[in-house]
Amino acid sequence: INPRKMQELSKELSNIEEHVVKSNFWLGTLQTTLVRMQKGDELLRQSDIAMELLASASNLVEVQFDGETGFGSAVTQSFYVEVAQALQDRAINRVVPMWVEDDDSTNSQFLLCRRGLLIRPLADGQKLEEAVRRFRFLGRLMGQALREGFIVPLPLAEDFFALVLGESLEAASLPQPGSGSAGELLGALAGFAAELHAGEAALAAGGCTSPAELQALRHEQASRTDFRDRFISLHDHGETVPQQPMSFEQYTSLIGACFMETGLSGAPLCPGGESIAVTVENVTEFVDKASQFWFDGGVSQQVEAFRSGLNDVFPVECLSAFSRSELREMFCGEDRIEWDEQALLSHLHPVGGLNDRAPTYKYLVSVLLDMNQAERSRFLDFVSSCPRLPPGGIAKFHADVFPDNSSTKQGFPRSRACANQLYLPPYSSKEELQGKLHEAMHCSAGHHEQRVREL
């Protein structure tokens, strides 16, 4: 037995007990079920089995990973993070299609749609059955996490929670050009159809309702050569890309738009849809069928499975008291990580002999202010085991910053994520702290199992 390791674990346990006993919500001891998991290919399968067995029980769930000695709430939160990443993995999503694919413009392993993840509409078949089972698992997982005060940091779109609440989504919610997801053509055609409808309504209001007049309006709109500028709005790294003038008729004919899931591919929206071209005469019908498939017929079973999974944990009717945006924050955490100097001074507490006038503490605050979103996410994961802020943002986050008197300034910062504690060696400059913190954040390998590569 390693005496130093035993001492560290004992101190860690004392920190956990101290935080629990000091809590204003301490009511006594609840029964906890310890679940051992394997990271990697078996994680989703094991998690599915565990949630099925535990969802209806009132036990708390504590997770420990094989091959790691870490335990406690930080490791359990990291379990939800690991599962969220697996469900967002594009290779896994191709096997069990839960989410609408992105445009893969980032070359990331994970799906990164700008609006958030949308449910992939599916026709009847084996893929749908597999997706339904996985949404039942996701409901149980997110219900269990919410019940115990954890979050599952999946970047779900607000429209996902609108469907969970039973709200109807219209054509305006279809993927739009620039959203970075499959089906962007649908938004462009929906915009064209809406403008066409508005023109027809204006004609009717003026008493012009003859078939010839309506036909003339449609022909005029379909022949306008600014279709791309009005509805496609292609961008390249934020700068508009000049495009050849093109009309609705020319554009839809060029790309071969038809009655399919995305307007180009996927499931047919009606029998023989792959052979029915989208024209100015039927574009409204196309948009209606696409909306029905994307937000009703193609996703209803997945939504019901998710609700059933939640209902295995707590009455799903409880959700009706919240809006879609509130549910997104409750289940998934804060999307953006926003903080300023005052917020950091209020929620990063210097303790253990460190004070807010100490140079090391000031360096830390300055480094955190300079971080971009990705770095802030990594810092939160390093300190708290979750890459997102809790519901309520920085106001609901806290961390204690200790001086690491046992280390020299050549050492690296270390954390005790179970108690949101950060230990800093006595660095002599902001740049020194910044470099060491960056190295520590990006080289941690499992909670309480941090390693730093040789420099």
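Observations on the model:
- Distances between placed amide hydrogens fall under 5 Å for Asp102 paired with Leu112, Ala182, all partners being 5 or more residues away or on another chain.
- Using the Cβ-Cβ distance between Asp296 and Asp229 with R0 = 30 Å, the FRET efficiency computed as 1/(1 + (r/R0)^6) comes to roughly 0.40.
- Given charges at Cβ of Lys, Arg, Asp, Glu: the chain dipole, positive-most of Trp339, Pro211, Ser168: Trp339
- Calculated from backbone phi, Karplus (6.51, -1.76, 1.60) coupling profile of the range 407-419 in Hz, x at Gly/Pro: 10, 8, 6, 7, x, 10, x, 9, 9, 10, 5, 5, 10
- The alpha-carbon positions of the range 270-375 define a convex hull whose volume is 226 Å³ per residue.
- Note on the chain: lysine pairs with Cα distance below 22 Å, sequence gap of 8 or more or different chains, count 9.
- Overall size of the range 45-164 from C-alpha positions, given as principal axis extents largest first: 39, 31, 27 Å.
- 1.4 Å probe accessible area per residue over the range 125-183, in Å²: 35
- DSSP finds beta bridges in the range 24-131, and of those with both partners inside it, around 25 percent are antiparallel.
- Overall dimensions of the range 360-447 by Cα: Rg and Dmax, Å: 12.3, 37
- The gain in end-to-end length when the Ser407 to Glu62 segment is fully stretched comes to 121.0 nm, 0.36 nm per residue minus the alpha carbon separation.
- Rounded to the nearest 20 debye, the dipole size of the chain about its Cα centre is 1520 debye, using +1 on the Cβ of Lys and Arg and -1 on the Cβ of Asp and Glu.
- Calculated from backbone phi, Karplus (6.51, -1.76, 1.60) coupling profile of the range 371-385 in Hz, x at Gly/Pro: 5, 7, 4, 5, 5, 4, 4, 5, 5, 4, 5, 5, 8, 10, 6
- Cα-derived Rg over Rh, computed across the range 38-81 with Rh taken as Kirkwood radius: 0.95
- Global size of the range 116-222 as Cα Rg and Dmax, reported in angstrom: 20.5, 64
- Only DSSP H runs of four or more residues enter the estimate; each adds -39500 (n - 2.57), and after division by the residues of the chain the mean residue ellipticity at 222 nm equals -14000 deg cm²/dmol.
- Three-way shape call for the range 101-149 based on the alpha-carbon gyration tensor, with the a/c threshold at 1.5: oblate
- Kirkwood Rh, angstrom, the range 121-182 [1 / mean 1/r, Cα pairs]: 14.0
- The Cα-based radius of gyration of the range 243-282, divided by its Kirkwood radius, gives an Rg/Rh of 1.02.
- Label-point separation in nm, Ser323 to Ser308, each point 7 Å along Cα→Cβ: 3.2
- Each residue of the range 69-77 is assigned a 3J(HN,Hα), and the resulting list reads 9, x, 8, x, 5, 5, 5, 5, 4 Hz, derived from the Karplus form 6.51 cos²θ - 1.76 cosθ + 1.60 (θ = phi - 60°), x at Gly and Pro.
- Cα-Cα P(r), the range 173-293, percent of pairs per 10 Å interval: 13, 43, 33, 11, 1
- Shape category assigned to the range 77-134 from the gyration tensor of Cα positions, a/c cut at 1.5: oblate
- The reciprocal of the average 1/r between distinct C-alpha atoms defines the Kirkwood hydrodynamic radius, which for the chain equals 25.0 Å.
- When the alpha carbon gyration tensor of the range 332-399 is reduced to an equivalent ellipsoid, the three semi-axes, largest first, read 20, 12, 11 Å.
- Accessible surface of the chain, 1.4 Å probe, proportion on carbon and sulfur as whole %: 51
- When the Cα atoms of the range 250-331 are aligned to their principal axes, the ranges along those axes come out at 51, 23, 18 Å in descending order.
- Taking 0.36 nm per residue of separation and subtracting the current Cα-Cα distance, fully stretching the chain between Leu203 and Gln250 would add 14.4 nm.
The values are calculated or read from the model by the stated rules, or taken from the named source; none is laboratory data. These figures come from a predicted structure and were not determined experimentally. Note that we place each Cβ from the backbone using ideal geometry, even for glycine, and neighbour counts take in every protein chain shown. Accessible surface is based on the protein model in full, side chains and every heavy atom, while ligands, DNA and RNA are left aside. Shrake-Rupley method; radii C 1.70, N 1.55, O 1.52, S 1.80 Å.
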